[in-house]
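A quick write-up on the structure given underneath.
The values are calculated or read from the model by the stated rules, or taken from the named source; none is laboratory data. The structure displayed is predicted, hence computed values, not measured ones. Reconstructed Cβ throughout: ideal geometry from the backbone, glycine too, with neighbour counts over all protein chains shown. Accessible surface is based on the protein model in full, side chains and every heavy atom, while ligands, DNA and RNA are left aside. Shrake-Rupley method; radii C 1.70, N 1.55, O 1.52, S 1.80 Å.
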Amino acid sequence: MMQQSKRILTPFLQGLRNLSTRGAATSTSSTAPAKIEKTVNNVTILGRVGADPQLRGSQEHPVVTFSVATHTNYKYENGDWAQRTDWHRVVVFKPNLRDSVLEYLKKGQRTMIQGKITYGEITDQQGNQKTSTSIIADEVVFFRDINN
C-alpha cells in the first residue's frame with residue numbers, strides 16, 4: 001500500500017515543484033490539447049465580513065465585492081499569545097448569489113466562502129497597476145449572530 005501511494009504521489013509532487021508561485025497564463029489554440037489533465041483550484045474560508053458588500057462593474061457585467069477577515073492564533077516561546085489577521089477579497093459573479101450577498105450579507109457577519117482563487121492586475125484611479133488576489137465565490141454561507 002505504501003509503495004502504491006509513493007508511486008502516485010511522487011510525480012504529483014514533482015509537478016508541483018515546477019509550478020510558478022504567482023500569475024496565470026492564457027493560451028489559445030485551434031487544436032485540442034494532446035493531453036487534458038485534471039487540475040484543482042478550491043478555496044474555503046470561514047471568517048467575518050469586513051465591510052458591507054458593494055456592487056461594482058458595469059450594467060452588462062456587474063460584480064459584488066467584499067472582504068473577509070480570517071485569523072491565526074499562535075504562541076511565542078516566552079508564552080505570549082498573538083493573533084495574525086489576513087484579509088481576503090471576495091468577488092461574486094453568479095447573478096442569484098450576487099443579489100443574495102448584496103441584500104443579506106452585512107459587515108461583521110460570520111460567513112463561509114467556497115470558490116476559486118485568481119490572480120490579476122487592477123489599474124487604480126491614478127493609472128498605476130497593482131497585483132490583485134481574489135476569491136471568485138461559488139457558494140456563500142450566511143450565519144446568523146445568535147446574540148442579536
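Of the residues in segment 117-133, not one is modelled with pLDDT of 95 or more and closer than 16 Å to residue 51 by Cα.
Taking the criterion of being exposed (fewer than 10 other Cβ atoms within 10 Å of the Cβ) and in a helix (DSSP H, G or I), the residues of segment 67-102 that qualify are 95, 96. Exactly one residue among 111, 118, 65 is within 12 Å of residue 140 (Cα to Cα) and within 15 Å of the chain's Cα centre (by Cα), and that residue is 111. Inspection of segment 141-148 finds no residue satisfying the criterion of being exposed (fewer than 11 other Cβ atoms within 10 Å of the Cβ), without any contact (Cβ under 8 Å) to a residue 24 or more places away in the chain and under 17 Å from the mean Cα position of the chain (by Cα). Being among the small types (Gly, Ala, Ser) and in contact (Cβ under 8 Å) with a residue 60 or more places away in the chain is a property that residue 79 lacks.
Of all residues in segment 121-140, those being in contact (Cβ under 8 Å) with a residue 24 or more places away in the chain, open to solvent by 40 Å² or more (accessible area, probe 1.4 Å) and more than 11 Å from the chain's Cα centre (by Cα) number 2.
Return the residues of segment 103-120 that are open to solvent by 30 Å² or more (accessible area, probe 1.4 Å) and not in a strand (DSSP E or B); say none if nothing qualifies. 103, 104, 106, 107, 108, 109, listed by residue number.
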